[in-house]
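J.: Have a look at the structure that comes next, please.
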Amino acid sequence: MFRLLLAALVSLLVAAPASADRIKDLGGFQGIRTNQLTGYGVVVGLPGTGDDNLEYTIQSMKAVTSRFGLQLPANINPGLKNTAVVMITAELPPFAKPGQKLDITVASMGKAKSLRGGALILTPLQGADGQIYAMAQGNLAVGGLGAEGKDGSQIVINIPSTGRIPEGATVERAVKTGFENTPALTFNLARADFTTAQNVAGSINARFGSGVAQAVDAVSVSVRAPIGGDVRATLMSEIENLSVVSAEPPAKVIVNARTGTVVINSAVRVSTAAITHGKLTVRIDENERISQPAPFSQGQTAKAQKSGVVVDEEKRPMFLISPGPKLSDVVKAINAIGASPADLVAILEALKEAGALKAELIVL
């Protein structure tokens, strides 16, 4: 089955000709990115599954009630099984405007067993710069479930201490991207490659004129653009939908030693090499035999140990791999000697050490 799947993958990779990709699928413009938001809040209304009397939970509840002019006595620690302190996380998409909604994730920080049935109190969400960009509040949707008996036995399904609030935050501040007035637009490739960067610049210049785009390095392509958000939005839309031929990726063999998964891309080449693949099995059988003396003799009944040692070595001739210009030649040659996934990993490592495998071998 492993060899059939690998052979099918090979046929797809080898038969597929080089095709053009959209520029938008190769990367993105600098500054057009999501931003992570975090907040610290309190979930209330839990059915006895909260943090109980943790000190920071008590402090958090006092801070919440103080917003409404209610001061809890300093010498009284309320039972807080219906309350949990949580961390809130969200992603602010690019160009998000005030009033738009965000999905948020809420996770318990303390000993709360479940957040099911709880409601998040109004909480500010801050960015890495310490500024508030959104406000979060709402009822939690928790997919996990937990139950506990009086004898201490319990069952937990999924993670009940984490929940989500769809559209639970409202954007209060927009993030400035500066794309409308920067001196130039910069397109960054997701994977560094000098050839692909040159091809992207060439495709842009072919559409908008020579000198508009310039490959800065293996990742970035600088694009001259007129000032103004509306003009640049139109330009960026056209650039993203241009077609460009990506460079052939570097030859790599990815090996997951734990699962036996081996992935070989189409750029892999091999030079002439000879391989022998065999299997040595040593089997030892231990048997006890009873030695019974003849009747009316002076002998005594005794146990005798009998051991059997068998060595079975599978004989396989040495196999020659000719220089292979295609991935299919590599796989067919290795499959011809009946290699299992584990054996295939060993063979590839040996070929790399021998200098016959023209590829980077990555073992996960």
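J.: Could you tell me whether Leu125 is among the aliphatic types (A, V, I, L, M) and either assigned to a loop (DSSP other than H, G, I, E, B) or within 27 Å of the chain's Cα centre (by Cα) (or both)? Lay out the reasoning, then the answer.
T.: Values: among the aliphatic types (A, V, I, L, M): yes; either assigned to a loop (DSSP other than H, G, I, E, B) or within 27 Å of the chain's Cα centre (by Cα) (or both): yes.
Taking the combined requirement at face value, the residue satisfies it.
J.: Hey, another quick one. Could you list all residues from region 175-218 that are charged (D, E, K, R) and assigned to a loop (DSSP other than H, G, I, E, B)? Break it down stepwise before answering.
T.: Step one: list which residues in region 175-218 are charged (D, E, K, R), which gives 176, 180, 191, 193, 207, 217.
Across region 175-218, the qualifying residues are Lys176, Glu180, Arg191, Asp193, Asp217.
J.: Would you be able to say whether some residue in region 15-33 is modelled with pLDDT under 80, outside any strand (DSSP E or B) and either of a type in the set (Lys, Arg) or in contact with a strand residue (DSSP E or B) (Cβ under 9 Å, 6 or more places away or on another chain) (or both)?
T.: Yes.
J.: If you don't mind, another one. Among the residues in region 183-203, are any within 30 Å of Glu353 (Cα to Cα) and either small (Gly, Ala, Ser) or assigned by TED's automatic domain parsing to the domain that holds Gly127 (or both)?
T.: Within region 183-203, one or more residues are within 30 Å of Glu353 (Cα to Cα) and either small (Gly, Ala, Ser) or assigned by TED's automatic domain parsing to the domain that holds Gly127 (or both).
J.: Would you be able to say whether some residue in region 142-157 is touching a Leu at 6+ places or on another chain (Cβ under 6 Å), surrounded by fewer than 12 Cβ atoms within 10 Å (Cβ to Cβ) and either assigned to a strand (DSSP E or B) or at pLDDT below 90 (or both)?
T.: Step one: filter region 142-157 for residues touching a Leu at 6+ places or on another chain (Cβ under 6 Å), giving 142, 157.
Now narrow it down to the ones that are surrounded by fewer than 12 Cβ atoms within 10 Å (Cβ to Cβ): 157.
Checking which are either assigned to a strand (DSSP E or B) or at pLDDT below 90 (or both) leaves us with 157.
Yes, because at least one residue in region 142-157 is touching a Leu at 6+ places or on another chain (Cβ under 6 Å), surrounded by fewer than 12 Cβ atoms within 10 Å (Cβ to Cβ) and either assigned to a strand (DSSP E or B) or at pLDDT below 90 (or both).
J.: Sort through Ile227, Ile239, Ile254 and tell me the only one that's of a type outside the set (D, E, K, R), assigned to a helix (DSSP H, G or I) and touching a residue at least 24 places away in the same chain (Cβ under 8 Å).
T.: Details: Ile227 fails: assigned to a helix (DSSP H, G or I); Ile254 fails: assigned to a helix (DSSP H, G or I).
Criteria check complete, one pass: Ile239.
The values are calculated or read from the model by the stated rules, or taken from the named source; none is laboratory data. Computed from a prediction, not measured in an experiment: that's the story for all the values here. Here the Cβ is made from the backbone with ideal geometry for all residues, glycine too, and neighbour counts use every protein chain on show.
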